[in-house]
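The numbers here are math on the coordinates, done by the rules we state, and not lab data. On a predicted model such as this, the values are computed, not experimentally measured, just so you know. A quick note on method: Cβ atoms are made from the backbone with ideal geometry, for glycine too, and the neighbour counts reach across all protein chains shown.
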Amino acid sequence: MSEVNVALITGANKGLGLETGRQLGKLGYTVLLGSRDALKGEVAARQLRDDGVDARVVKLDVTKQSDIDASAGQIASEFGKLDVLVNNAGVMIEKGWTKNTTSETTMENLRATFEANVFAIFAVTKAMLPLLLKSEAGRIVNVSSILGSVSLQAAKGSPTYSTKLFAYNASKAALNMLTISLAHELRNTKIKVNSAHPGWVKTDLGGSAAPMSVVDGAKTGVQLATLGEDGPTGGFFHTGKEIPW
C-alpha cells in the first residue's frame, strides 16, 4: 500500500476543485479528482500532471451511491487509506442574488439542492470514513459558504443579510451542522473536520463579477486540509479566520 498522502476532491474537474487539487499536489499529495464525467476528469488530471502533480481521475457522481461505493473500493485497493477528503461538489440552483423570495422556492429546487449539497456529502463522507481512520492524520474539509452562517443571515447590516437564497443558504447551514456533529463524534481521533468558506470566487457558480481568483479561493480549503496536529476541528473558517455559525 502507498506511503504517500492521498487527497480526494469531489467536483474537481474544473474551478475551485481543480485548483485545490493543484495546490495540494504541489505540496506532494497524490490527488484524486472526483468527476461525474470520467473523460472531463481525465483532461483535468492531465493538466495537473503536466504541471508536475501526481493526479488521477476517479469517476464520482456524488449523487449516485454506486459511484460512491466504487470510488471507496478503488481507493482502498490502490492506497489502503485516505488522508484528505475535500467535499467540494455542490450546486446553486437559484439565480440572482437579491431577487429571490423564500416563498417562491420550489420543492423541486429545494430537494435538488439538498441532494447535492447535504445528502451527497454525507454519503461520500460516510463511505470514506473507514479509509480516513486509517490515515495518520485524516482531514475532512466541507466546502461551505458564508451564506450558510445563520448568525450573519439574521444580523441586520451584515454583509450577507440581504442575500436570501433559501435553498442554497439552508443547505450550507445543514452542511455546517454535519461538520459540527462529525467533528464531535471524531474528537478523540486524529481526524479533523472543518467547514471552509472559500470566498466569492470567479467560478461557474460564483460568476465573473466575483472579486476573488480561483487561486485565492482554494487557499482556505488547502489550509484546512493540511492542518497540523494542534490545528482546530469543528470550526468554520475563511483565510484562517473563524466565521460565526
Over the alpha carbons of the chain, what is the largest minus smallest coordinate on each principal axis, giving the biggest first in Å? 52, 40, 32
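Considering all projection directions equally, how large on average is the shadow of the alpha-carbon convex hull of the stretch 1-123, in square nanometres? The partial results should precede the final answer.
On the way: hull surface 33.8 nm².
If I average the Cα hull's projected area over directions, I get 8.4 nm².
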Ratio of the stretch 97-200's C-alpha Rg to 2.2 N^0.38 Å, to two decimals? 1.20
Can you put 151, 71 in order of Cβ neighbours within 10 angstrom, beginning with the fewest? 151, 71
Which residue, 192, 81, 26, tops the fluctuation ranking in a GNM of the chain built on C-alpha contacts under 10 Å? 26
Lysines within cross-link reach of residue 40: Cα-Cα under 29 Å, excluding same-chain residues under 8 positions apart? 14, 26, 59, 64, 81, 95, 126, 172, 202, 219
Between the stretch 29-97 and the stretch 129-205, how far is it from one alpha carbon centroid to the other, in angstrom? 19
Principal-axis tilt of helix 214-225 within the chain, Cα atoms, nearest 10 degrees: 70
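Sort 77, 149 so that the residue with the fewest other Cβ atoms within 10 Å of its own Cβ comes first and the one with the most comes last.
Ranking 77, 149 by Cβ neighbours within 10 Å, fewest first, gives 77, 149.
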With axes computed from alpha carbons, what is the tilt in degrees of helix 120-132 against the longest principal axis of the chain, rounded to the nearest 10 within 0 to 90? 30
Grab the beta carbon distance between residue 76 and residue 154, set R0 = 45 Å, and tell me the FRET efficiency rounded to 0.05. 0.55
Any aspartates and glutamates with Cα under 20 Å of the residue 190 Cα? List them, leaving off those in the same chain fewer than 8 positions away. 3, 83, 136, 229, 230
